[in-house]
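Just below is one structure, and these are the notes that go with it.
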Amino acid sequence: MMKRLLDGVSPRALVLLAAFAAALVAAPYVASPYVLSVLIISLYFAFVGQAWNLMIGFAGLLSLGHALFVGLGAYTSAVLFIQFSIEPWAGVCAAIAVSVLMGSVIGYLGFRFSIRGVYFALLTIAFAEFTGILVDHSGWLGGSSGLFLPVTHGNGNNVFMLRGSQSMFYYVILFLTGAALVLCRLLVSSKLGLYWLAIREDQEAAEASGVPLFRYKMIAVAISSGMTGIAGVWYAFYYNNLFPEATFSTAQSIELILGTVVGGVGTLFGPILGAFLLTPLGEVLTGLTESFDIDGIKTFFWGLCVIAIVLFRPGGIWPWLSGLLDLDGRRRRSQP
Amino acid sequence: MSVTGVREPAGLKVEGITKRFSGLTAVDKVSFEVEPGTIQALIGPNGAGKTTTFNMIAGALQPDEGDVKLDDRSLVGMRPDQICRAGVGRTFQIVRPFNELPVLENVAVGALVWTDDIDEARAYALEMLDLLGLADRREAFPGSITLPDRKCLEVARALATKPKLLLLDEVMAGLRPTETDRMVEIFRRRNRETGLTILLIEHVMRAVMALSSRVVVLNYGKVIAEGTPEEVTRDPDVLHCYLGAEEIG
C-alpha cells in the first residue's frame, strides 16, 4: 500500500508536501484565530473539492449539486443530535448512509437512462434544489428559519462529540483533507481508478474493453457523496446553524467546486491548491465589500477567475504549477 | 486457460441477425459461421452493414431478430463489457484511444478484464505492446503517436483482454503497404501461435487475401457470397456490386 501510495512521486514533491503538511499541523500554534478560521474554511473546501473531483475529474461525471450531500450530511447528523441526542460520531454513519443513498438514487436514474454530461448535471441540480425546498417547508427540520445546534461551553475538546475549540475543528478537517488525499491517490492508482479514467475518456471504448459502466459510475457517485456527507457533519457542528437556502442552493454547489476548477480538475492536488487560493481571496474581497460597500464584488471577481482560468490555464493551475516546480513525473493528469 | 496465457479460441455463429434503423434495414437476416482458430473476412461496399453486424456481435447494438453465438453461448442481450468478458475483443473503425492516458495504461485497461492486479495488467499490457512493436511508445499519449501506431494501440488493447475471438474493424485502412504487411504478419503469427479466431472487416484486399481463409461478402445488408478469397473474387455478383467490373488481386 505504501508502495502504491508513493510510486512515481518525485522526492521533490514529497518534501514539499511534507513541508506543507507540517506548516498546516503547526498553524494553530502560530496563527491568529482569524487566520485559523480562513484556513479552516480552505480545508473544508479542499475536502469537498476532492470528493467532487472523484466524480468529475476521475470518472467524468459532472455534478453541479454537491451542496445536496453536504446538506444531507449536515441535517441528518444535526437532527439526530437535536431530536434524539445521537452524538455525531454515530450520526456520521447515518449521514454517510443518507448521502450515499441519495447519490445512488441520482446515479441510478442518470446511468440507467443514459443521461450524460450536462443533462446529468441538471439532474443533480434538480435533486439539490428540491431537497432544499422540502427542508425549507419542513417544520421538523426548522424550515426556512433554520436549524440550530445547542452550543455548550467549557467542556473541553471532544472529537467524538464534535464539541470543542476552533483548533479541534481545524485538526478534524485537516485530518479529513489529508485522509481524502491519501484515499484519492490510492483509488486513482488502482483498478478502480484506471476504470474511472477510461470511462471519463471514452465510455464506449471502455465498455468494449470490459468495463462495466454502470457499476463503476455508481461506485464513483457513492464514494463522492459519502465523503461529502461527512463534510456536512463537520459543517453542521462547526457552524451550529443550518439554513436550507444557504445549504442546498446551486450557488452553494458552485462555490464548493470553484476551487477545484481553478486548481485543476482531475488532479490530486488541484482541489487543495484551488481552495487555498480562492478562500483567502474571497476573504479579502469580502473585506473590500464591507469597507467600500460594493455589493457582489466577490461573485463578480470569482466569475472573472473562472473566465481567466478557462482562457489561460484550461487544465487548472496545478498542472501548470507542478510543471513549473518540476513535480509531476511522466504521467500527466492520470497520476498527477 | 492455457500456459501461454491466452484462452482457447472460440467459434462464432451468426444466425439470421437483422437490424432496422427507422425503416432502413441495415442488416437483413445475415447468417455466417467462423470456425474456431480461423481468420475470416467480412467485406462489402460502404454501407453494406459490416460495422452494424460487428456492433451486434459485440453488443453495442441489439439485433432486432436472430442470434449470435460464441461457442453455442448466445451473446444477444448481453452488455458490451459482458461480451468482452465472454471472450470477444474488438477494435473500432475510427480509433478510440483514451487520450489522456499513456499508451501503456490504455492497454492495461483491457487486461483488467481478467485480473484485479494493476501491476499484472501493466506487465501483460507491455507484452502486447511489444507484440505490436509499440513498447518504446508506452509512456507517450495517444495524441502524440502516428495513426498506424494508434491502430496498433487499438489492437493491443483488444488483445490484452485475452479474447477468444478478435473483431477487427478496418485496422489496415490508412496504412501504407509495408505497414499493412507488418500488421498482417502480426495477426497471422498470433493466429498461428495462439489459435486466436479473427473476424475482420477490411477494404484493403491485400490484407484480406493474405490473411483470411474464408470471406463473407455483404451488400445492402445481405450476404451475397461466401467462400475462399479466390472463390469470392471470381463470383460475378461480387465483382458486379462490390468491386465494379475490374478484377482485383
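None of the figures in this text is laboratory data; all of them are computed from the coordinates on show. Just so we're clear, the structure is a prediction, and the values are computed from it rather than from any experiment. In this analysis, Cβ positions are derived from the backbone assuming ideal geometry, glycine residues included, and neighbour counts consider all displayed protein chains.
Return the Rg/Rh value of the stretch B:14-63, two decimal places, where both radii are evaluated on C-alpha atoms and Rh is the Kirkwood radius. The Rg/Rh ratio comes out at 0.97. The distance between label points at A:D326 and B:T178 comes to 3.9 nm (points 7 Å beyond Cα on the Cα→Cβ vector). Net charge of the neighbourhood of A:F111, taken over other residues with C-beta under 10 Å away and scored Lys/Arg +1, Asp/Glu -1, is +4.
Note on the stretch A:82-103 and the stretch B:61-131: Cα centroid distance 41 Å, given to the nearest whole angstrom.
Given that compact globular proteins tend to follow 2.2 N^0.38 Å, what is the ratio of the alpha-carbon Rg of the stretch A:92-189 to that value?
It is 1.45.
Here is the P(r) of the stretch A:41-250: all C-alpha pair distances, binned every 5 Å from 0, give 1, 8, 15, 19, 18, 15, 11, 7, 4, 2, 0, 0, 0 in whole percents. Largest first, the three principal axis extents of the alpha carbons in the protein assembly as shown are 94, 51, 48 Å in whole numbers. Counting 0.36 nm for each residue step from B:T25 to B:T146 and taking away their Cα separation leaves a gain of 39.9 nm. Out of every Cα-Cα pair in the stretch A:236-312, what percent are more than 22 Å apart? Roughly 32 percent, rounded to a whole number. In the elastic network of chain A, a GNM with C-alpha springs shorter than 10 Å, the most mobile of A:L285, A:L181, A:L43 is A:L285. Comparing mean-square fluctuations of B:F98, B:F54, B:F187 from a GNM of chain B with C-alpha springs under 10 Å, the top value falls on B:F98. Here the scattering of the stretch A:1-155 is modelled by Debye summation over its C-alpha atoms, one equal scatterer each and no solvent; at q = 0.10, 0.16, 0.19, 0.20 Å⁻¹ the log10 of I(q)/I(0) is -0.55, -1.13, -1.25, -1.27. Computed over chain B with a Gaussian network model linking Cα atoms closer than 10 Å, the most mobile of B:A86, B:A158, B:A123 is B:A123.
Over the C-alpha trace of chain B, radius of gyration and Dmax come out as 17.5, 55 angstrom.
Mean sequence separation of contacting Cα pairs (under 8 Å, at least six apart), scaled by the length of chain A, corresponds to a relative contact order of 31 percent.
Translational diffusion of the stretch B:1-98, estimated by Stokes-Einstein from the Kirkwood radius over alpha carbon pairs at 25 °C in a medium of 0.890 mPa s, is 171 µm² per second. Expressed as a whole percent, how much of the Cα-Cα distance distribution for the stretch A:211-254 exceeds 17 Å? In whole percent, the share of Cα-Cα pairs in the stretch A:211-254 beyond 17 Å is 48. Computed from the C-beta positions of A:A179 and A:V151, the FRET efficiency with R₀ = 30 Å rounds to 0.65.
Each listed q (0.12, 0.17, 0.18, 0.19 Å⁻¹) maps to a log10 I(q)/I(0) for the stretch A:59-138 from the Debye sum over equal C-alpha point scatterers, namely -0.38, -0.69, -0.75, -0.81.
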